[in-house]
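Right, one structure below, let's go through it.
The values are calculated or read from the model by the stated rules, or taken from the named source; none is laboratory data. This structure is a prediction, so every number in the text was calculated from the model and none was measured. Cβ: placed from backbone, ideal geometry, glycine included. Neighbour counts: every protein chain shown. We work out accessible area using only protein heavy atoms, side chains counted, and drop any ligands, DNA or RNA first. Shrake-Rupley method; radii C 1.70, N 1.55, O 1.52, S 1.80 Å.
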Amino acid sequence: MALSNRYPQPIAQSSPKSPVAEAFRTIRTNIQFAGVVQETKVILVTSSQPGEGKTSTVSNLAIVSAQAGNRVLLLDADMRKPQVHQRFQISNLDGLSNVLIKERALKDCISTSETPNLYLLPSGPIPPNPSEMLASKSFAALVERCREDFDMVFIDSPPILAVTDALILTRITDGTILVVDAQNTNRNSAIKAVSMLKQVNARILGTTLNRVPRKSEGSYYYYYSHGVQANA
């Protein structure tokens, strides 16, 4: 059933040959290189503050990874202001929170998407205790099960400076990507977010810098912290 949606379809899905989609494929390649040194299968995507584009970034990364032939799960662990279900126009009546309280089975809450090989686990109804649920043994066990069932798992989380959820999630993920909005992110906030990640010994895979204006063309480019740039 189609749901009303105020968000545009992820560009890697609607325009897979666009320069922006190619930018995300460049980031996907960097993730693959990181996996040569150390397993990089469960990836957390977060930001310092709300509105920096973390959900758009994680959605597009999941799409391009699935387009490469990987069996991919996009898990919405932002149980405060979930958006994954809105981006993909699926129901959020059943999801992660239902599984964690043993109300529904995991297989019954995972949805397919328009992109072959891409599966979605929405957040489910917003619980009163998101941090405690994400820190639970049940969630850690769920992630391990997903690690076995999928080639890659991308996790969307709340911003780092807002609540502790993202820092909790670093304990059970293989790496973290920090999303920075070139037009809106406060520099001190970004520095503080990186510092907080380092304090919990998070493995920082890199940073995506998005919405950087290109004056000559009036568009944007995405930048990956390891020095790979793709124009859009």
Inset, instruction - Inspect all residues belonging to region 102-109 and state whether any of them is open to solvent by 30 Å² or more (accessible area, probe 1.4 Å) and closer than 21 Å to Pro158 by Cα. - result: no
Inset, instruction - Go through region 174-197 and give me each residue that's assigned to a helix (DSSP H, G or I) and open to solvent by 40 Å² or more (accessible area, probe 1.4 Å). - result: Arg187, Asn188, Ile191, Lys192, Val194, Ser195, Met196
Legend entry - Residue under evaluation Glu52, criteria (1) under 18 Å from Ile11 (Cβ atoms); (2) part of a loop (DSSP other than H, G, I, E, B); (3) modelled with pLDDT of 95 or more, criterion not met: (3)
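Return the total of residues in region 160-207 being charged (D, E, K, R) and within 17 Å of Val143 (Cβ to Cβ).
Number satisfying all stated conditions: 4.
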Inset, instruction - Go through region 16-36 and give me each residue that's under 25 Å from Ala190 (Cβ atoms), open to solvent by 20 Å² or more (accessible area, probe 1.4 Å) and hydrophobic (A, V, I, L, M, F, W, C). - result: Val20, Phe33, Ala34
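Matching residues to (1) under 27 Å from Ala23 (Cα atoms); (2) among the hydroxyl-bearing types (Ser, Thr, Tyr); (3) modelled with pLDDT of 95 or more:
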residue	(1), (2), (3)
Ala141	no, no, yes
Asp151	yes, no, yes
Val180	yes, no, no
Thr207	yes, yes, no
Arg214	yes, no, no
Inset, instruction - Check off (1) aliphatic (A, V, I, L, M); (2) touching a residue at least 40 places away in the same chain (Cβ under 8 Å); (3) outside any loop (DSSP other than H, G, I, E, B) for Ile90 and give me the number that stays unchecked. - result: (3)
Inset, instruction - Consider only pairs whose beta carbons are under 8 Å apart and that are at least six residues apart or on different chains; among these, list those whose first residue lies in region 151-164 and is in contact (Cβ under 8 Å) with a residue 60 or more places away in the chain and over 23 Å from Asn60 (Cα atoms) and whose second residue is open to solvent by less than 40 Å² (accessible area, probe 1.4 Å) and part of a loop (DSSP other than H, G, I, E, B). - result: Leu161/Ser48
Legend entry - Residue list for region 134-173, filter: of a type outside the set (Gly, Ala, Ser), under 22 Å from Ile110 (Cα atoms) and part of a loop (DSSP other than H, G, I, E, B): Phe150, Asp151, Pro158, Thr173
Inset, instruction - Please verify whether region 59-79 includes one or more residues that are open to solvent by 30 Å² or more (accessible area, probe 1.4 Å), under 30 Å from Ser138 (Cα atoms) and basic (Lys, Arg). - result: yes
